[in-house]
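The values are calculated or read from the model by the stated rules, or taken from the named source; none is laboratory data. Please read these numbers as outputs of a predicted model, since none were measured by experiment. Reconstructed Cβ throughout: ideal geometry from the backbone, glycine too, with neighbour counts over all protein chains shown. Only protein heavy atoms, including side chains, enter the accessible area calculation; ligands, DNA and RNA are left aside. Shrake-Rupley method; radii C 1.70, N 1.55, O 1.52, S 1.80 Å.
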Amino acid sequence: ILFINDGSTDNSLKIIKKFINDKKNMYVYTKKNGGLSSARNFGIEKAKGEYVFFSDCDDYFSNEYFKILDNVIKNKADIYIFDFKQIINNKIHASWINLPKNGYFNFDKKTLIEKYFNGEFNNIIGPSVWNKLYRKDIIAKNKITFIEEKILNEDVFFNIEYFMNIKKVYIENQAIYN
């Protein structure tokens, strides 16, 4: 697990270092502030594992997160999509996406971009990267990165590029991300 400190000026780095203390599978990197896309691209570069997932600093995982990931990756898909919960003012709200039932999800690449931009695809799988687990080899082979000049919708462009290069999508509609 990599933590990317993108030049934070608060106590984030201190908190992360205390949290990971002696954990051998967690690493922290500090870089000059370059924004969200820059931090994510840096993390992709540094990642050595088979999979990549992204998390925002104000989010957290369910207690079952890694157990569920371990189970679903046995399905050998190119991407895994999970449901999530929104927590607003300490109240849990259901996610706003309509994930199909657990299992493989078929999609037509020809209409992918059209559906993504008209919002239809967003309602099915969501535009964000934080409810998805990506294969690192697909990202590397296809040189997929976040557009660093983009401040809004960087996840959408990353996802479109990624989806154009995959075949197997696996849905797990258990909410494991908050």
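What does the charge dipole of the chain about its Cα centre add up to, to the nearest 20 debye, if the Cβ of each Lys and Arg holds +1 and the Cβ of each Asp and Glu holds -1?
Numbers: 27 positive and 22 negative charges, 120 e Å.
Taking the Cα centre of the chain as origin, the dipole is about 580 debye.
With the full set of protein chains in place, find how many percent of the accessible area of the chain is carbon and sulfur; take the probe as 1.4 Å. Spell out each step's value before the answer.
Details: 5610 of 10900 Å².
Exposed carbon and sulfur together represent 51 percent of the surface.
In the set (i) 1.16; (ii) 0.95; (iii) 0.98, which value of Rg/Rh (Cα atoms, Kirkwood Rh) was calculated from the structure you see?
Computing Rg/Rh (Cα atoms, Kirkwood Rh) and matching it to (i) 1.16; (ii) 0.95; (iii) 0.98 gives (ii).
Highest GNM mean-square fluctuation, the chain, Cα pairs closer than 10 Å: which of 106, 33, 11?
11
Would you mind checking the tilt of helix 154-163 against the longest principal axis of the Cα atoms of the chain, expressed as 0 to 90 degrees and rounded to 10?
With rounding to tens, the tilt is 50 degrees.
How much area per residue is accessible in the chain when the probe is 1.4 Å and only protein heavy atoms are counted (Å²)?
Numbers: 10900 Å² over 178 residues.
Per residue, the chain has 61 Å² of solvent-accessible surface.
Where both residues lie in the chain, what percent of DSSP beta bridges are antiparallel, nearest 5? Present the calculation step by step, with values, prior to reporting the outcome.
On the way: 14 of 24 bridges.
Looking only at bridges with both residues in the chain, the antiparallel portion is about 60 percent.
Between residue 31 and residue 63, what FRET efficiency follows from the Cβ-Cβ distance if R0 is 41 Å, with the result rounded to 0.05? Present the calculation step by step, with values, prior to reporting the outcome.
On the way: r = 30 Å, r/R0 = 0.74.
Once the sixth-power term is evaluated, E becomes 0.85.
At 1.4 Å probe size, put 30, 9 in order of accessible surface, largest to smallest.
Working: 30 85, 9 140 Å².
The most accessible residue leads, giving 9, 30.
Could you pull out the chymotrypsin sites (Phe, Trp or Tyr not before Pro) across the range 1-63 that fall in loop regions by DSSP (anything but H, G, I, E, B) with no more than 16 other Cβ atoms inside 10 Å? Numbers along the way, then the final one.
On the way: sites: 3, 19, 27, 29, 42, 51, 53, 54, 60, 61; in loops: 54, 60.
Taking the range 1-63 and a limit of 16 other Cβ atoms within 10 Å, the loop chymotrypsin sites (Phe, Trp or Tyr not before Pro) found are 60.
Subtracting the Cα-Cα distance from 0.36 nm times the residue separation, let me have the gained length for residue 87 to residue 46 in nm, one decimal.
11.7 nm
Does the range 1-64 classify as rounded, prolate or oblate by the C-alpha gyration tensor (a ≥ b ≥ c root eigenvalues; a/c under 1.5 gives rounded; else a/b over b/c gives prolate, otherwise oblate)? Before the final figure, lay out the partial values.
Details: a/c = 1.36, a/b = 1.07, b/c = 1.27.
Rounded, since a/c falls under 1.5.
Ordering 26, 164 from largest to smallest accessible area (1.4 angstrom probe), what's the sequence? Write down the numbers at each step before the final one.
Details: 26 30, 164 75 Å².
Highest to lowest solvent-accessible surface, that is 164, 26.
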